[in-house]
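First the structure, in the form of C-alpha cells, and then the observations on it.
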Ligand SMILES: Cc1cc2nc3c(=O)[nH]c(=O)nc-3n(C[C@H](O)[C@H](O)[C@H](O)COP(=O)(O)OP(=O)(O)OC[C@H]3O[C@@H](n4cnc5c(N)ncnc54)[C@H](O)[C@@H]3O)c2cc1C
Ligand SMILES: NC(=O)C1=CN([C@@H]2O[C@H](COP(=O)(O)OP(=O)(O)OC[C@H]3O[C@@H](n4cnc5c(N)ncnc54)[C@H](OP(=O)(O)O)[C@@H]3O)[C@@H](O)[C@H]2O)C=CC1
C-alpha cells in the first residue's frame, strides 16, 4: 500500500445515502473551497428534495435517487468516487477502495448505513429487505410462494404484513403486540382490524416521501469531478446499496401465487431461534442471535473514538447524553439531521469554531404511515425509559383515530397520533414547553374542545 500513489482530500465522506450526501452538501456550503470526496459503493446518490419543516421539529421531504453529476454540478469542489471502501487506516489517515485506489483524508465521516441482522445468510429462502436488489428478490420469490413467514416486529415487518397479497402470511413477533418498535398494545389493537379487511386508500392519505429514479451512470467504478474529467476504473459492480425508505414497496408487486387477497395469522411472543433447511429437521443445539446495536459510537460532535473520524446516519450509535425527550431510531429524518450536523461539526473543527448539539436532537419526532394511516410519534411516545412513573391518556375512534399522550409529573413527554388528528403541532409545543397540564386532566383529549384555542 505504501508504494501506491495516494490522492489526498481535506474531507472524505463514505456513503452516498441521505446522511453522506447531506454531510458533503453542508460541508461544501460552509467551506466552498474545501477539497471534498464522496466515496460510495452505489451507482446513485440519494438527495433530499421538497424539504418541508412541518413544525419546530417535525420534517417531511422527498428523496430522489440521482446521478453523481447532479452533486458535482452544484458543488464543483466535490469529487464523487464510485467504489466500495474496503479498509481504513486511521493512523495514516487513509483508506483503500475495492478497485485498489488509496485516498488520504484530513477529516473522514463514515455514513455507510446499516446492515440487516439476518437470522442466517446462507439460506436462499431467507431474505432481508434493505435495498432495491433485496426488494426485487423478494418480489421474485414471492411470485411463486403460497406461504411466507415474516419474522420481526419493526417497520419493515409492519409494512410487509399489510402489503403482501395472494399468499398466506404467518407473522412471528417476539412481543405480545404488533409494532412495538413504534407503538403500544393499544395502538396495535387499533390497527389489527386493517389486516383483516381489503386494503383501502384513505380519503386523505398523508404526504409521503417518494423516490424518483433516473438511469444509472454508465460503468461500474468511476470518479466524477466538476471538470468532467471522469476517470474510469474497471472493477465489477459493487453491491452495497442504500437503505430503502418510505413507499419502498410502491414500485414492486408484493403478490404471491394464490388467489386469496390477504390472510395474515399472528404468532405472538415468538422468537425465532433457528431456521432449518429441509435436510436439517432434527434436534440440534439452539442459539439465540445477539441483540447488539453494532453501530459506530459517536459523541455529541458526531466523532468516533478514532482521531478525525466522524460517523452519521444508520451506521452510528449516538452515545452522548440524550435530551430527556429524544432517542435514536434509524430513520430517514435522523440520517439527514446527523449528516447535516456532522458536516457542520467537521467544518467548525477546521475553522476553530465552537458548536453546540443541534436543536433537532432535543425532541424525537417522526411522521410516517402504517396500514395506510398517518402516524406521528413525538418524544417518549412509548414511555421509553420512564419506568412506571408515567400516566397515559387515550382517545380512540375505531377505524378513524388513535391518540395517546404520555404524561410524567403532569407534563407531556410523548404522544402517538394515528389518523388525521391535526394535533401534532399543539402537542409538540406542549412537550417542548413542559407546561404543567395537571389542571386540565382528561379534558386534554376531549374531542369537543378545540385544544389549539385552549392553549393559545
Ligand atoms: C425497507 C426499508 C424501509 C424503510 N422505511 C423507512 C421509512 O418509512 N421512514 C424512515 O424514516 N426510514 C425508513 N427506513 C430507514 C431509512 O431508509 C434509513 O434510516 C436511511 O436511509 C439511512 O440513511 P444512511 O445515509 O445512514 O444510510 P444508507 O441510505 O443505507 O446509505 C449508505 C450508503 O453507503 C454506501 N456504502 C455502504 N458501504 C460502503 C462502503 N464500504 N464503501 C462505500 N460506500 C458504502 C451505500 O452504497 C449507500 O450509498 C427504511 C429502511 C428500509 C431498509
Ligand atoms: N415507516 C417507517 O418509519 C419505517 C421505518 N423503518 C426503519 O428502517 C429500519 C429497518 O427496519 P426493520 O428491519 O423493521 O428494523 P427493526 O430493527 O426495527 O426490526 C427488526 C425486528 O425483528 C425482531 N427480531 C430480531 N430477531 C428476531 C428473532 N430471532 N425472532 C423474532 N423477531 C426478531 C426485532 O425484535 P427486537 O427489537 O426485540 O430485537 C425487531 O422487532 C429501522 O430503523 C426502522 O425504524 C422501516 C420501515 C418503515
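The values are calculated or read from the model by the stated rules, or taken from the named source; none is laboratory data. Worth saying up front: this structure is predicted, and the values here are computed from it rather than measured. Neighbour counts run over all protein chains shown; Cβ positions are idealised from the backbone, glycine included.
Below is a table of values for the structure above.
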{"item": "Given (1) in contact with a strand residue (DSSP E or B) (Cβ under 8 Å, 6 or more places away or on another chain); (2) crowded, with 22+ Cβ neighbours inside 10 Å, index of the condition residue 395 fails", "result": "(2)"}
{"item": "All strands (runs of 3 or more DSSP E) inside the stretch 84-200 with 1 or more residues being out of contact with any strand residue (DSSP E or B) (no Cβ under 7 Å at 6 or more places or on another chain) and surrounded by 15 or more Cβ atoms within 10 Å (Cβ to Cβ)", "result": "none"}
{"item": "Test: residue in the stretch 277-299 that is modelled with pLDDT of 95 or more, touching a helix residue (DSSP H, G or I) at 6+ places or on another chain (Cβ under 6 Å) and away from ligand 1 (no atom under 16 Å from the Cβ)", "result": "no"}
{"item": "Given (1) more than 21 Å from residue 425 (Cα to Cα); (2) surrounded by fewer than 19 Cβ atoms within 10 Å (Cβ to Cβ); (3) within 16 Å of ligand 1 (Cβ to nearest atom), number of the condition residue 342 does not satisfy", "result": "(2)"}
{"item": "Per-region count, the stretch 396-408, residues at negative phi and assigned to a loop (DSSP other than H, G, I, E, B)", "result": "2"}
{"item": "Scope the stretch 371-395; condition in a loop (DSSP other than H, G, I, E, B) and away from ligand 2 (no atom under 15 Å from the Cβ); matching residues", "result": "380, 383, 385, 386, 387, 388, 389, 390"}
